[in-house]
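S.K.: One structure coming up, written as structure tokens, with questions to follow.
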Amino acid sequence: MSIDLYSVHPYLRVATRSILRAGHEIRRRVLFDYELLYVEHGSFLLTYGAMKYRCGEGDFVLLHPGVSHAFSEIFEALSQPHIHFDLTYTPQSPQIPISFRDLDELSPQERGMIARDVLAECLSAPLLHFANPEAAKKLFFEVIDCQKASPLLARARMMELLELILCEHCPDCLRQTDAGVGIAREIKDFLDAEQGTVYSLEDLEKRFSYSRFYLEREFQGAYGMGIVAYRNQRRMERARVLLQSESVSRVAEKLGYSSIYAFSRAFKNWCGVCPSEVARLK
């Protein structure tokens with residue numbers, strides 16, 4: 001089985017801090033989605049399917065959809081901030097709740113809400129161990145801290161965290177792509193198709209569900225120039241073509257400039273001549 005990182009667009013259902021009191025238990029249940037939790041303080045015994053794991057301070061635990069599990073032996077307050085998420089967003093994602101019941105207690109309709117576990121083959125054990133646990137911890141808490149104030153940034157950090165998990169725990173399952181494929185190529189193809197249209201980095205954040213910093217880094221690494229510079233280049237290339245048949249004012253309007261003066265200044269800075277000079281040659 002292979003996983004294409006660029007097809008992963010996480011939907012964050014819950015990202016919160018949580019403390020379970022001493023003596024509390026979470027009885028057997030199955031989840032509709034994935035849950036990633038971090039043991040900040042305390043410990044517990046995780047019964048996961050037919051296996052048992054002692055989870056203690058500093059451990060990351062990834063619970064998969066459809067796998068029965070329970071928490072027990074919580075002898076002191078357990079701080080276990082956690083994130084419920086889908087690997088990809090679907091129109092049904094906002095309607096799916098958190099499950100607290102076991103499989104045999106679910107209706108057929110509820111069973112249909114259980115996400116397909118695409119990580120089952122390559123990442124079956126729930127405990128995660130990182131080469132740099134502090135980096136994983138930092139991303140984890142950034143997701144939680146950003147979720148309310150900046151959901152877009154929270155999703156971007158979750159994407160980085162998932163990339164870290166997949167690269168460290170199941171690298172053989174990651175689909176290998178050539179240099180021309182990936183998020184940078186997707187952005188380039190989009191800008192090429194929409195040449196001349198004014199798209200900001202914020203627009204691209206919303207379209208591709210990554211932070212502008214990540215998009216800029218990937219694009220710069222692939223093509224040696226920034227996204228805005230490439231967008232402007234495509235606008236100027238289109239402007240040269242349009243000026244062969246249309247007026248300067250019409251071209252400025254089509255390319256989204258606030259005024260003919262702003263367009264003329266940008267065109268001359270880029271091409272070295274005024275747009276009116278190009279227009280006179282038609």
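S.K.: So in region 119-136, with the set limited to residues that are outside any loop (DSSP other than H, G, I, E, B) and in contact (Cβ under 8 Å) with a residue 24 or more places away in the chain, which one is farthest from HIS169 (Cα to Cα)?
M.R.: Step by step, filter region 119-136, then rank; the result is ALA135.
S.K.: Turning to a different aspect of this structure: State all residues of region 223-251 that are over 35 Å from the mean Cα position of the chain (by Cα) and not charged (D, E, K, R); if no residue qualifies, say none.
M.R.: VAL241, LEU242, LEU243, GLN244, SER245, SER247, VAL248, SER249, VAL251
S.K.: In this structure, does ALA131 turn out to be at pLDDT 85 or above, more than 20 Å from the chain's Cα centre (by Cα) and under 28 Å from GLU57 (Cβ atoms)?
M.R.: yes
S.K.: Condition check: within 21 Å of PHE140 (Cβ to Cβ), outside any strand (DSSP E or B) and in contact (Cβ under 8 Å) with a residue 24 or more places away in the chain. Does GLY23 satisfy that? Walk me through it before giving the result.
M.R.: Values: within 21 Å of PHE140 (Cβ to Cβ): no; outside any strand (DSSP E or B): yes; in contact (Cβ under 8 Å) with a residue 24 or more places away in the chain: yes.
So GLY23 fails the test.
S.K.: Quick one: which residue in GLU105, GLU57, GLU35 is surrounded by 13 or more Cβ atoms within 10 Å (Cβ to Cβ) and either without any contact (Cβ under 8 Å) to a residue 60 or more places away in the chain or not assigned by TED's automatic domain parsing to the domain that holds CYS146 (or both)?
M.R.: Working: GLU105 fails: surrounded by 13 or more Cβ atoms within 10 Å (Cβ to Cβ); GLU57 fails: surrounded by 13 or more Cβ atoms within 10 Å (Cβ to Cβ).
That would be GLU35, the only listed residue that is surrounded by 13 or more Cβ atoms within 10 Å (Cβ to Cβ) and either without any contact (Cβ under 8 Å) to a residue 60 or more places away in the chain or not assigned by TED's automatic domain parsing to the domain that holds CYS146 (or both).
S.K.: Within region 243-282, count every residue that is part of a helix (DSSP H, G or I) and touching a residue at least 40 places away in the same chain (Cβ under 8 Å).
M.R.: Here the count works out to 1.
S.K.: For ARG116, indicate whether it is surrounded by fewer than 17 Cβ atoms within 10 Å (Cβ to Cβ) and either touching a residue at least 12 places away in the same chain (Cβ under 8 Å) or small (Gly, Ala, Ser) (or both).
M.R.: In short, yes.
S.K.: Of these, GLN233, GLN244, which one is surrounded by 14 or more Cβ atoms within 10 Å (Cβ to Cβ) and in the same structural domain as SER200 (by TED's automatic domain parsing)?
M.R.: Just one listed residue meets the conditions, GLN233.
S.K.: OK, next. Among the residues in region 185-194, are any in a loop (DSSP other than H, G, I, E, B), at pLDDT below 95 and farther than 24 Å from ARG13 by Cβ? Walk me through it before giving the result.
M.R.: Residues of region 185-194 that are in a loop (DSSP other than H, G, I, E, B), as a first pass: 194.
So of that shortlist, the ones also at pLDDT below 95 come out as 194.
Imposing the further condition that a residue be farther than 24 Å from ARG13 by Cβ reduces the set to 194.
The answer is yes, given that some residue of region 185-194 is in a loop (DSSP other than H, G, I, E, B), at pLDDT below 95 and farther than 24 Å from ARG13 by Cβ.
S.K.: Which of the residues belonging to region 60-79 are assigned to a loop (DSSP other than H, G, I, E, B) and either outside the structural domain of GLU134 (by TED's automatic domain parsing) or closer than 19 Å to HIS24 by Cβ (or both)?
M.R.: Answer for region 60-79, where residues must be assigned to a loop (DSSP other than H, G, I, E, B) and either outside the structural domain of GLU134 (by TED's automatic domain parsing) or closer than 19 Å to HIS24 by Cβ (or both): SER68, GLU73, ILE74, PHE75, GLU76, ALA77.
S.K.: Now, a different point. Going residue by residue through region 12-34, is there one that turns out to be more than 30 Å from ASP104 (Cβ to Cβ) and hydroxyl-bearing (Ser, Thr, Tyr)?
M.R.: no
The values are calculated or read from the model by the stated rules, or taken from the named source; none is laboratory data. If you're wondering where the values come from, they're calculated on a predicted model, not measured in any experiment. All Cβ positions, even for glycine, are placed from backbone atoms using ideal geometry, and neighbour counts span all protein chains on display.
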